[in-house]
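As C-alpha cells, the structure follows; a few thoughts come after it.
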Amino acid sequence: MHPSSFPKSTTASARILAGLVAIVAASTPTNAQPRPRVTDEVRPFIAVDAPMVALTHVRLIDGTGATMRNDQTIVIDGTRILAVGPSATTAIPVQAHVLDRRGFTVVPGFVGLHEHTYFGGVQRLTQMSTSAPLLYLAFGVTTAMTAGSQLPYHELSMQRAIDAGRTPGPRLLIAGPYLDGPESRNPMTRALTSDLEAQRVVGYWADEGVTWVKVMGNMSRARMGAVIRAAHARGVRVTGHLCSVSFAEAAELGIDALQHGFITASEYVPGKKEDECPPDNMRVQSNVDVGSEPVQASIRALARRGTPVVSTLGVYETFAPARFVMDTAALAMLAPETRREVEEANARLGSAGGLTVSPGLLKSMMRWERDFVAAGGLLGAGCDPWGTGYLPGYGDVRNFEMFREAGFSAETAIQIMTYNGARILGMEHDVGAVTVGRQADLVLVRGNPAVSARDLYQVELVFRAGVGYDSQKLRAAARGLVGLR
C-alpha cells in the first residue's frame, strides 16, 4: 500500500506520531547539534530544506550492523529522525515534504577519523580550506576528526565558518598540530622536550578549541604518557601514528585511538628497542604471519583492552603500484599543476627510497583488521588524503570497497564507517546510525552498495542535521581547486 493512500488524519496515526515525538524528545542527547545555518552563501548547495521530510521506498543500511532492509520510510523532523520503518506501515505526517526514492539506498552519515584539510605528499603542500569541506560533505562525511593539522588556525577558522553557515561542510573536530619527541625531523611537528612542555602545549591548544591531539612515531613512552595525562585532564582525546611506542604500550598508557592498524604496529618488528622507531617499520610487516599465534594473541589483547583502531586501508593502497589505479573523477578535482605532479609521483611508485606496499602486505593489513573485529575490537575508518591522488570524500568511500574486499559484509563495513566512528568520538548517542531519536545525518545513494560497492560513490543527497545538500553541486564547486585552495 502506498503511503499516499493512508488517511491523513486519524486517531490511530495521531497516537503513533505523538508517541514517536515523545520517543525523540526523550532520546535527544544533551549535546545535540544545532541545525546547520542556511545562509545565502550555502543556499546554492542545498536541495532539501523543509521542517519535515519523508524519504520513502528506500533500502536502508542503518549503521548498527543489522541486515539491510528494503522498502523503508524515514521521517525527519527538524534535526532528528522521527520514524523509521516499512513503507507500508509507517505513517507520514501531512506536512512532510515527501521524496520517493525507489532504487536508492540510505546509510548514516560517515564519521571520518583520519581526515586532513591539507594536501601533503607533493612539493607544494597546500591547505584545502575551500575544497576539503566541500568534498567531504559531497561524499557523505558528516562528521570528521582532522587527525593532525598543518595549520591548526586554518582548521579552527574553517570549523567556525561551517558552523556560521559561510561554507558547507561536515561537523569538524580539530586535532591540533602533530606532537612528537625531540628527535623528530618533521618540520610539521611540535617537538616536545619535557613533560612540563607537553602539559603546556596541550593546555594551550585545548584553550584554543582543539578536542583531539595526535602523537607521532618518535616519542618515548614517558613523554606520550605525559601528553595523554595532560590531554585527559582537559577533556581532550589522543590519537597517534606510532612507531617508537608499540600499540600495546600506547594502549596501556590510555591512548584513545590508534591510527593505520597493522602496518604501523612496531611490536611485530624483530629486535625492536625500547622507545626507538625501527627504521624498517612499515616494511618488515610484509614478512609477518598475521595468522601466527603471537600476532593473534596481540590482537586479542588489544581488543580486550578496548583501545580503538582507525583503518586507513585505502591510502596505503595508493602506495601499491601493482594494483593502484588513479580515479579519473578524483583527478578532475586537482588544480592542473597539482594534477601533473600527482601523475608524475604515481609514475615513480615503486622506485628506490619511497614507501611501497606489496599486495601481500595489503592483504595482511586486511586480515589483521578482520581478526581484530572478530576478537571484539572497535574499528573505525578514515581517509588520510595524500598526494598520490587520494582525496577527501573519494578516499572515505574507497574504504568501503576495501572493507568488502577484506571480507566484511556491507552492513559491517558501513557500521565501521559510521556507528563505530561515533563510538570512538563519544558521539554514539547522537550520530552514527539511522534510528529514531538520532540526528538526521543521512546519505542517499543511487543503487545498492551491498551488491555493487561502487554504487556508494553515487551520492545524490547528504543530510546533515536534517538539511539536505546536493552532492553534485558540492563536487562541481570543488573541481580544480585541490592543490590550490
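Among residues belonging to the stretch 165-180 that are over 20 Å from the mean Cα position of the chain (by Cα) and more than 29 Å from residue 63 (Cα to Cα), point out the one that is surrounded by the most Cβ atoms within 10 Å (Cβ to Cβ). Break it down stepwise before answering.
Taking the stretch 165-180 as the starting set, the residues that turn out to be over 20 Å from the mean Cα position of the chain (by Cα) are 165-166, 179-180.
Okay, now just the ones that are also more than 29 Å from residue 63 (Cα to Cα), so 166, 179-180.
Details: 166: 16, 179: 27, 180: 25.
Only one residue fits best here, namely 179.
Output the residues belonging to the stretch 270-285 that are in a helix (DSSP H, G or I) and free of Cβ contacts under 8 Å to residues at least 24 places away in the same chain.
Within the stretch 270-285, 284 is the sole residue that qualifies.
Confirm whether residue 143 is in contact with a strand residue (DSSP E or B) (Cβ under 8 Å, 6 or more places away or on another chain) and closer than 29 Å to residue 235 by Cβ.
Against the criterion (in contact with a strand residue (DSSP E or B) (Cβ under 8 Å, 6 or more places away or on another chain) and closer than 29 Å to residue 235 by Cβ), residue 143 qualifies.
Identify, please: which residue in the stretch 296-335 is part of a helix (DSSP H, G or I) and within 16 Å of residue 406 (Cβ to Cβ) and is, among those, farthest from the chain's Cα centre (by Cα)?
The qualifying residue farthest from the chain's Cα centre (by Cα) is 299.
Anything in the stretch 438-452 that is surrounded by fewer than 19 Cβ atoms within 10 Å (Cβ to Cβ) and in contact (Cβ under 8 Å) with a residue 12 or more places away in the chain? List them, or say none. Before the answer, list the steps.
Here is the first cut: in the stretch 438-452, the ones surrounded by fewer than 19 Cβ atoms within 10 Å (Cβ to Cβ) are 446-448, 451-452.
Scanning the stretch 438-452 gives 446, 447, 448.
Determine whether residue 431 is buried (at least 24 other Cβ atoms within 10 Å of the Cβ), modelled with pLDDT of 95 or more, in a strand (DSSP E or B) and within 17 Å of the chain's Cα centre (by Cα).
no
What residue, of 475, 485, is assigned to a loop (DSSP other than H, G, I, E, B) and either touching a helix residue (DSSP H, G or I) at 6+ places or on another chain (Cβ under 6 Å) or not small (Gly, Ala, Ser) (or both)?
The conditions single out 485.
Can you tell me which residues in the stretch 188-215 are crowded, with 20+ Cβ neighbours inside 10 Å and closer than 11 Å to residue 230 by Cβ?
The answer is 192, 198, 202, 205, 213.
Do any residues in the stretch 286-305 that are surrounded by 15 or more Cβ atoms within 10 Å (Cβ to Cβ) have Cβ atoms under 8 Å from those of residues that are of a type in the set (Lys, Arg), where the two are at least six apart or on different chains, and which pairs are they?
290/367
Which count do you get for residues in the stretch 389-446 that are among the β-branched types (Val, Ile, Thr) and within 30 Å of residue 341 (Cβ to Cβ)?
1
What pairs can you find where one residue is in the stretch 329-344 and touching a residue at least 12 places away in the same chain (Cβ under 8 Å) and under 14 Å from residue 475 (Cα atoms), the other is charged (D, E, K, R) and assigned to a loop (DSSP other than H, G, I, E, B), and their Cβ atoms are less than 6 Å apart, with a gap of 6+ or different chains?
332/479; 333/479
All but one of (1) more than 24 Å from residue 433 (Cα to Cα); (2) at pLDDT 95 or above; (3) surrounded by 14 or more Cβ atoms within 10 Å (Cβ to Cβ) hold for residue 43; state the number of the condition that does not hold.
(3)
Just one of (1) out of contact with any Gly (no Cβ under 9 Å at 6 or more places or on another chain); (2) surrounded by 18 or more Cβ atoms within 10 Å (Cβ to Cβ); (3) at pLDDT 95 or above trips up residue 405, so point out which.
That leaves (2) as the condition not met.
Here's the yes/no breakdown for (1) farther than 19 Å from residue 443 by Cβ; (2) modelled with pLDDT of 95 or more:
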position	(1), (2)
29	yes, no
33	no, no
36	no, no
50	no, yes
59	no, yes
66	no, yes
69	no, yes
72	no, yes
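Could you tell me which of the residues 88, 132 is on the phi < 0 side of the Ramachandran plot, part of a helix (DSSP H, G or I), modelled with pLDDT of 95 or more and in contact with an Asp or Glu (Cβ under 9 Å, 6 or more places away or on another chain)?
Of 88, 132, the one residue that is on the phi < 0 side of the Ramachandran plot, part of a helix (DSSP H, G or I), modelled with pLDDT of 95 or more and in contact with an Asp or Glu (Cβ under 9 Å, 6 or more places away or on another chain) is 132.
Check the stretch 253-262 and report whether any residue there is surrounded by fewer than 20 Cβ atoms within 10 Å (Cβ to Cβ), in contact with an Asp or Glu (Cβ under 9 Å, 6 or more places away or on another chain) and within 24 Å of residue 358 (Cα to Cα).
No; the residues of the stretch 253-262 include none that is surrounded by fewer than 20 Cβ atoms within 10 Å (Cβ to Cβ), in contact with an Asp or Glu (Cβ under 9 Å, 6 or more places away or on another chain) and within 24 Å of residue 358 (Cα to Cα).
Output yes when any residue across the stretch 100-108 is surrounded by fewer than 18 Cβ atoms within 10 Å (Cβ to Cβ), more than 29 Å from residue 452 (Cβ to Cβ) and either under 25 Å from the mean Cα position of the chain (by Cα) or not aromatic (Phe, Trp, Tyr) (or both), and no when none is.
The answer is no; no qualifying residue exists.
Please enumerate the residues belonging to the stretch 358-389 that are among the hydroxyl-bearing types (Ser, Thr, Tyr) and at pLDDT below 95.
If we filter the stretch 358-389 for residues that are among the hydroxyl-bearing types (Ser, Thr, Tyr), which is where we start, we get 358, 364, 388.
Listed by number, the residues that qualify are 358, 388.
Search the stretch 402-416 for residues that are in contact (Cβ under 8 Å) with a residue 60 or more places away in the chain and more than 10 Å from residue 311 (Cβ to Cβ) and pair each with any residue that is small (Gly, Ala, Ser) and assigned to a helix (DSSP H, G or I) when their beta-carbon atoms are under 9 Å apart and the residues are at least 6 apart or on different chains.
Qualifying pairs under 9 Å: 410/453.
Is it true that some residue in the stretch 411-423 is among the small types (Gly, Ala, Ser) and either surrounded by fewer than 22 Cβ atoms within 10 Å (Cβ to Cβ) or on the phi > 0 side of the Ramachandran plot (or both)?
no
Restricting attention to the stretch 448-472, and to residues there that are touching a Gly at 6+ places or on another chain (Cβ under 6 Å) and assigned to a loop (DSSP other than H, G, I, E, B), which single residue is farthest from residue 109 (Cα to Cα)?
Per the stated criteria, the residue is 458.
The values are calculated or read from the model by the stated rules, or taken from the named source; none is laboratory data. As the structure is a computational prediction, the values presented were derived from the model and not from experiment. Cβ: placed from backbone, ideal geometry, glycine included. Neighbour counts: every protein chain shown.
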